[in-house]
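Peer 1: Before we start, here is the structure in question, set down as structure tokens.
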Amino acid sequence: MKKYLLACTAMFIGSTAMAEEIVIRMAAPDWGPTRFMQEHANETYSAPSGNDVTLEIDFIPWPNFFDRVNASLNSGEQRYQMIVSDSQWLGNFIEAGHFLRLNDYIEESDELQAIMADLHPALVAGYSTYPHVPADEIEALGGYSPEMNYYGFPQFPDNYFTYYRNDLFCDEGENAAFQETYGAELPCAPEAWETVTWDDWRNFGEFFTRAAGETLAGVELTEDFYGIAYQAGKPLDFSTMQINAFFWQWGGGIWDESNEPNAEVIGVVNSPENIAAFETYLSLLDYAPPIAQTGQMGIFEIQDLYMQGRIAAIIDWAALAGPVVDPSSSTVADVTSFGLMPGNILNGDLDRSANLGGQPFVLTTWNDEETIQEALDLVIWWLSEDTQIAAVQAGGQSGMMSVLNNPDYDSWAPWNAQFRQSLPWQRDLWHIPEMFEMLTQQQEEFDRAITGQISAEEALNAIAEFQDELLRDAGRLE
Amino acid sequence: MTSDMHLPPAFTTQRSARGILQWLNAPERRGPLLVAPAILTLFLVNILPLLWSFGLSFFNYRANRQAAPRFDGLDNYGDLLTDDRVWERFVTTGMIVAGSVGLQLIIGFGLALLFAKKFPLRRILLMLVLTPMMLSFVSVGIFFKLFYDPSLGLLSWIVGQFTGEPFAILATPAGAISAIVIADAWMWSPFVMLLVLAGLVSVPDYLYEAAHVDRASGWRRFRTITLPYVKGLILLALLFRTIETFKTFDLVYLITAGGPGSATETVAVYAYRLGFQNFRTSEASALAYLILFVVIVLTSLYLYLVNRRDAEAAS
């Protein structure tokens, strides 16, 4: 017995002495999904290696996130082992040598291969592959293939959909008035939004836009009320995220990076389909709050106005839905429902293509093998079914098909059904390093059109000309 | 003969710590040694990056690429000076500088004239008027962004009382430039006031009394007594405010983000976009030096005017 106790003590001391303290520091936007990741890791994560691994997240406000991450990476301080990156930044930081190519590690790990195969192809396309591989090709390859270059995993997948006031859309008086004017019913239940088109959206906008003194659902308005709103802002990528959805839904498109150097810009970016789509987008701003006229109507501005009860329906990201249904921050928390984003009827079918949101998380290149393995174990933990279910139940989203197909998924948050249904429609912006210049110039031209300085056609011609020259200089166009 | 003979005794025959201290503490070395840490810090955090970025402006280099810098001579300067977008930004900056500095001088001078007189609560009001220039740019920027908001802002509400319509000042290029000018003038007019006020209170009372006895008009008193006393300070305010407004970044970035389109994008905001959004590091460095060149020209112009004034006074 004595010998047995001595052996146990020796083993305990030995194992304690061998366990290393490893800190995985991650730069992440300061919002719910990343806060949850930190809390949940603190509570539940223990490294399978036996090492004492701590996840330490640097929470950075989103408007400053790119600047901070960019400064950290380019300064060479090597502060972070992992980084939450917007999907469009991948190419830039990969080509600068900051983000780690993961193929060898995935090849060696059955768990990681299973994760890649289980992820929704739209998310693998947007969050992981560089050079970019479209979702349909990933689906054809069975989800995972060593032929592609993998860099990231979903930290928080996101897409946008409609937030609407069910007290207005379900009001009998308003419904009768709407029926009389437009000969159709207002979509009251979330399912009713499955057939809503942009023409219907225009009607909602026109119908619900009212001046102070008029009545709304039987109540006299003390302030002006607005029908509809979506992103129309110059900062970051606000306008682009919404306008791309119009391009794709109208059968147009953006420069196809997966087909360089053969993909064209002239005639694609300024195609008749894109011009018609952009004109429709601009015309719908007539029913938005007046901030739209200034080109400053970003995702936070419309969220604020909606929470103050000034708009009937908006289109915004899942990431911003939490405060909207929280009575401590929103005056319309109890009367908000969620529906799919409107679509356009293209070739007889309702097209709901949209620009993917959310962010992947990636590993950086300067870590030793042990740290890399620990970081990958954290990835496996985060994308495990139990953790993903906990994340979704806390208000997040999952990109794992096994979780999305859980029969209870839709019941975990009031917008989950919309997220799940719209996921197959997601496409992404460019991922190449030139993305920043393309985006900045594009946002500027969109802004000129939004503020009425130029027409949709003039804006798209200017964008096409700029992109053509830039991409030729970069050797991405023949 | 050994090489030790050329060294101070403290380092040769007597190598004690005391000897070194005595050598360092010699009156002719004490001064330079005391300022040496400050000079070294200034060199490391200011001069060295300045020289580094100046050198970089002659290369083709992007901070987001692994490629080594390639010498390009004056290409970056040539490209910038022939780029319409850069000239547009210089014109926009000029418009903002002219509008804002002009407004600051008018308001600052008016306030200084007001506060040069004695009246009840003068000190408290003076403190309140000085408050804007003590605030951070971020606070002022966010305050004015909300102030101009057409749905929630006070300005729109006030205009709406008369027109019945929301007022979106940031919706047009002219309106957005005016909005930046107003915000900048609100923040910095007190600075002009402070400088002019210093000149006004230094005017001896007996000069005004003598002018009163001579029955000089108010305009003549202002032109021949007040203005000569404050002229130098007005020029100083003009110089400081022109240079600062020329480099305006924060307010523009926060209030309009350079929009609508690029209507309010100053040359400083454009340099930021070139360097930190488009990663054209060398071009951004070159543009920063073009901005510096303009600032140096403005400073030289000011010094020329001051020297001419001094020469006139001497003659």
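Peer 1: I'd like to verify a number: residues in the stretch B:130-148 that are touching a residue at least 60 places away in the same chain (Cβ under 8 Å) and crowded, with 18+ Cβ neighbours inside 10 Å, how many?
Peer 2: 5
Peer 1: I'm trying to understand the selection: among the residues of the stretch A:458-478, which are over 21 Å from A:GLU273 (Cα atoms), away from chain B (no Cβ under 12 Å) and open to solvent by 10 Å² or more (accessible area, probe 1.4 Å)?
Peer 2: Step one: of the stretch A:458-478, the residues over 21 Å from A:GLU273 (Cα atoms) are A:469-478.
Cutting the leftovers down to away from chain B (no Cβ under 12 Å) gives us A:469, A:471-472, A:475-478.
Passing the criteria: A:GLU469, A:ARG472, A:GLY475, A:ARG476, A:LEU477, A:GLU478.
Peer 1: Need a quick list: helices (runs of 4 or more DSSP H) entirely within the stretch A:57-119 having at least 2 residues that are within 14 Å of another protein chain (Cβ to nearest Cβ).
Peer 2: Answer list for the stretch A:57-119: A:62-75, A:90-95.
Peer 1: Another question about this same structure. Of all residues being more than 19 Å from A:LEU477 (Cβ to Cβ) and assigned to a loop (DSSP other than H, G, I, E, B) in the stretch A:432-457, which is nearest to the other protein chains (Cβ to nearest Cβ)? Just the residue, please.
Peer 2: Restricting to residues being more than 19 Å from A:LEU477 (Cβ to Cβ) and assigned to a loop (DSSP other than H, G, I, E, B), the top hit is A:THR451.
Peer 1: Cβ contacts < 6 Å: first residue within 13 Å of chain A (Cβ to nearest Cβ), restricted to the stretch B:55-79; second residue open to solvent by 60 Å² or more (accessible area, probe 1.4 Å), any location; separation 6+ or different chain. Result?
Peer 2: B:ASN60/B:ARG70; B:TYR61/B:PRO69
Peer 1: Ok, one more. Tally time: how many residues in the stretch B:133-153 are assigned to a helix (DSSP H, G or I) and within 14 Å of another protein chain (Cβ to nearest Cβ)?
Peer 2: Initially, the stretch B:133-153 is screened for residues assigned to a helix (DSSP H, G or I), giving B:133-134, B:137-148.
With the extra rule that they be within 14 Å of another protein chain (Cβ to nearest Cβ), the set shrinks to B:138, B:141-142, B:144-148.
Of the residues in the stretch B:133-153, 8 are assigned to a helix (DSSP H, G or I) and within 14 Å of another protein chain (Cβ to nearest Cβ).
Peer 1: For the stretch A:210-217, check the following and say yes or no: at least one residue is within 14 Å of chain B (Cβ to nearest Cβ), out of contact with any helix residue (DSSP H, G or I) (no Cβ under 9 Å at 6 or more places or on another chain) and among the basic types (Lys, Arg).
Peer 2: Yes - at least one qualifying residue is present in the stretch A:210-217.
Peer 1: Looking only at the stretch A:140-190, how many residues end up being among the acidic types (Asp, Glu), within 23 Å of A:SER422 (Cβ to Cβ) and without any contact (Cβ under 8 Å) to a residue 12 or more places away in the chain? Break it down stepwise before answering.
Peer 2: The first filter runs over the stretch A:140-190 and keeps only residues among the acidic types (Asp, Glu), leaving A:147, A:158, A:167, A:171-172, A:174, A:180, A:185.
Add one more test, that the residue is within 23 Å of A:SER422 (Cβ to Cβ), and what stays is A:158, A:185.
Pick out the ones that are also without any contact (Cβ under 8 Å) to a residue 12 or more places away in the chain and you get A:185.
Matching residues across the stretch A:140-190 total 1.
Peer 1: Select from the stretch B:278-294 the residues that are closer than 15 Å to B:ARG70 by Cβ and open to solvent by 40 Å² or more (accessible area, probe 1.4 Å) and list them in ascending order.
Peer 2: If the condition is that a residue be closer than 15 Å to B:ARG70 by Cβ and open to solvent by 40 Å² or more (accessible area, probe 1.4 Å), then B:ARG280 is the only one that fits.
Peer 1: Please work out which residue is modelled with the highest pLDDT, limiting yourself to the stretch B:295-304 and to residues that are over 24 Å from B:GLY55 (Cβ atoms) and open to solvent by 60 Å² or more (accessible area, probe 1.4 Å).
Peer 2: Only one residue tops the list, namely B:SER300.
Peer 1: What are the pairs with Cβ atoms under 6 angstrom where one residue, in the stretch A:437-457, is charged (D, E, K, R) and the other, located anywhere, is open to solvent by 20 Å² or more (accessible area, probe 1.4 Å)? Sequence gap at least six, or different chains.
Peer 2: Matching pairs, first to second residue: A:GLU437/B:ASN278; A:GLU445/A:ALA462; A:ARG448/A:ILE454; A:GLU457/A:ILE275.
Peer 1: Let me ask something else. Just the residues that are within 15 Å of A:LEU119 (Cα to Cα) and surrounded by fewer than 18 Cβ atoms within 10 Å (Cβ to Cβ), please, taken from the stretch A:410-419.
Peer 2: Result: no residue meets the conditions.
Peer 1: I need the full set of residues from the stretch B:231-284 which are among the polar types (S, T, N, Q), under 21 Å from A:ARG448 (Cβ atoms) and out of contact with any Asp or Glu (no Cβ under 7 Å at 6 or more places or on another chain), in order please.
Peer 2: Within the stretch B:231-284, B:THR256, B:THR264, B:THR266, B:GLN277 meet the criteria.
Peer 1: Does the stretch A:286-320 hold any residues that are closer than 24 Å to A:GLY358 by Cβ, more than 14 Å from chain B (Cβ to nearest Cβ), open to solvent by less than 10 Å² (accessible area, probe 1.4 Å) and not in a helix (DSSP H, G or I), and which are they?
Peer 2: Residues satisfying the conditions are A:ALA313, A:ILE315, A:ASP316.
Peer 1: Hey, another quick one. Identify, from the list A:LEU90, A:LEU112, A:LEU102, the residue that is open to solvent by less than 10 Å² (accessible area, probe 1.4 Å) and in contact with a His (Cβ under 6 Å, 6 or more places away or on another chain). Spell out how you get there, then give the answer.
Peer 2: Working: A:LEU112 fails: in contact with a His (Cβ under 6 Å, 6 or more places away or on another chain); A:LEU102 fails: in contact with a His (Cβ under 6 Å, 6 or more places away or on another chain).
Answer to the check: A:LEU90.
Peer 1: Could you look through the stretch B:211-235, keep only residues that are of a type in the set (A, V, I, L, M) and open to solvent by less than 50 Å² (accessible area, probe 1.4 Å), and pick out the one that is farthest from B:ALA313 (Cα to Cα)?
Peer 2: The selected residue is B:ALA216.
Peer 1: Sort out which residues of the stretch B:257-315 are hydroxyl-bearing (Ser, Thr, Tyr), free of Cβ contacts under 8 Å to residues at least 60 places away in the same chain and within 14 Å of another protein chain (Cβ to nearest Cβ), and write them in order of number. Steps first, answer last, please.
Peer 2: Our first condition is that a residue be hydroxyl-bearing (Ser, Thr, Tyr); within the stretch B:257-315, this holds for B:262, B:264, B:266, B:270, B:272, B:281-282, B:285, B:289, B:299-300, B:302, B:304, B:315.
Okay, now just the ones that are also free of Cβ contacts under 8 Å to residues at least 60 places away in the same chain, so B:272, B:300, B:304, B:315.
Matches in the stretch B:257-315: B:TYR272 only.
Peer 1: Within the stretch B:149-162, which residues are under 27 Å from B:ARG241 (Cβ atoms) and surrounded by 15 or more Cβ atoms within 10 Å (Cβ to Cβ)?
Peer 2: B:GLY153, B:LEU155, listed by residue number.
Peer 1: Moving on. Output the residues belonging to the stretch A:346-381 that are within 18 Å of A:GLN78 (Cα to Cα) and among the polar types (S, T, N, Q).
Peer 2: A:THR364, A:THR365, A:ASN367, A:THR371, A:GLN373
Peer 1: Also: Within the stretch A:26-56, count every residue that is under 25 Å from A:ASP86 (Cβ atoms), open to solvent by 60 Å² or more (accessible area, probe 1.4 Å) and not in a helix (DSSP H, G or I).
Peer 2: 2
Peer 1: A further question follows. Go through the stretch B:63-93 and give me each residue that's crowded, with 18+ Cβ neighbours inside 10 Å and farther than 16 Å from B:PHE293 by Cβ.
Peer 2: Selection gives B:ALA63, B:ASN64, B:ASP72, B:THR92.
Peer 1: Within the stretch A:234-254, how many residues turn out to be surrounded by 24 or more Cβ atoms within 10 Å (Cβ to Cβ), modelled with pLDDT of 95 or more and outside any helix (DSSP H, G or I)?
Peer 2: Count: 2.
The values are calculated or read from the model by the stated rules, or taken from the named source; none is laboratory data. Treat the numbers as computed from the prediction; the structure is a model and nothing was measured. So basically every Cβ, Gly included, is an ideal-geometry build from the backbone, and we count neighbours across all protein chains shown. Please note that ligands, DNA and RNA were not included when accessible areas were found on the heavy atoms of the full protein model with its side chains. Shrake-Rupley method; radii C 1.70, N 1.55, O 1.52, S 1.80 Å.
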